[in-house]
Amino acid sequence: MTRNESSTIIEQQADDEKFMAVAIELAKKAESYDEIPVGAIVVSDGEIIGEGFNQSIMHNDPSAHAEMIAIRQAGKNIENYRLLDCTLYVTLEPCPMCAGLLVHSRIKRIVFGAVDLKTGSAGSVFNITNTEKLNHQITVTTGVLAEKCSALLSNFFKRRRKEKKAKKKQEKQL
């Protein structure tokens, strides 16, 4: 590996962490609305052109995932439904619905933090993002700030389970 290649990789890692930190802040925003804490941004030429956080519960919309909202906003901002040469940063591996959207949008690259061992579709459970039978494949980078992304999700679900348990206990006392 040349010095320039090494420098480019280090710069890419720094950018990935910088942009994932923004997605993490959006995930925290989702949690403040009692949504599953997932955040996403779309970046083109070093600029954020779309952002989103989970809003399915808030809007009673099963498609209101962070990726879906960020992609829609990005398309509007660049006035194109094709997001060529764009990167999506998301705190959790995309589900099948979002992975399909990413393929259709022709996004170039996906960077995610936490793997989703139940519905992950960028290599964990399914590999929609790199299925050769589809007309577009996406470069995938995994594990960026994975511990922070995973901790957000784990803590959220622990809190939710604790709240449900307390509510059941309270209902029994009535």
Options E79, E67, E11: the member that is modelled with pLDDT of 95 or more and either open to solvent by less than 50 Å² (accessible area, probe 1.4 Å) or at negative phi (or both): E67
I need the full set of residues from the range 94-116 which are open to solvent by 50 Å² or more (accessible area, probe 1.4 Å) and touching a Pro at 6+ places or on another chain (Cβ under 9 Å), in order please. M97
Just one of K148, K165, K172 is open to solvent by 40 Å² or more (accessible area, probe 1.4 Å), part of a helix (DSSP H, G or I) and closer than 20 Å to L26 by Cβ; which is it? K148
Could you list, in sequence order, the residues of the range 22-48 that are in contact (Cβ under 8 Å) with a residue 24 or more places away in the chain, buried (at least 19 other Cβ atoms within 10 Å of the Cβ) and either among the aromatic types (F, W, Y) or outside any helix (DSSP H, G or I) (or both)? I36, P37, V38, G39, A40, I41, V42, V43
Subset of the range 117-130, residues in a loop (DSSP other than H, G, I, E, B) and surrounded by 15 or more Cβ atoms within 10 Å (Cβ to Cβ), comes to T119, G120, S121, G123, S124, V125, F126
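The values are calculated or read from the model by the stated rules, or taken from the named source; none is laboratory data. In this text, all values refer to a predicted model and were calculated from it rather than measured experimentally. As a convention, Cβ positions derive from the backbone with ideal geometry for all residues, glycine included, and neighbour counts pool all protein chains shown. Surface areas here come from the heavy atoms of the whole protein model, side chains and all, with no ligands, DNA or RNA. Shrake-Rupley method; radii C 1.70, N 1.55, O 1.52, S 1.80 Å.
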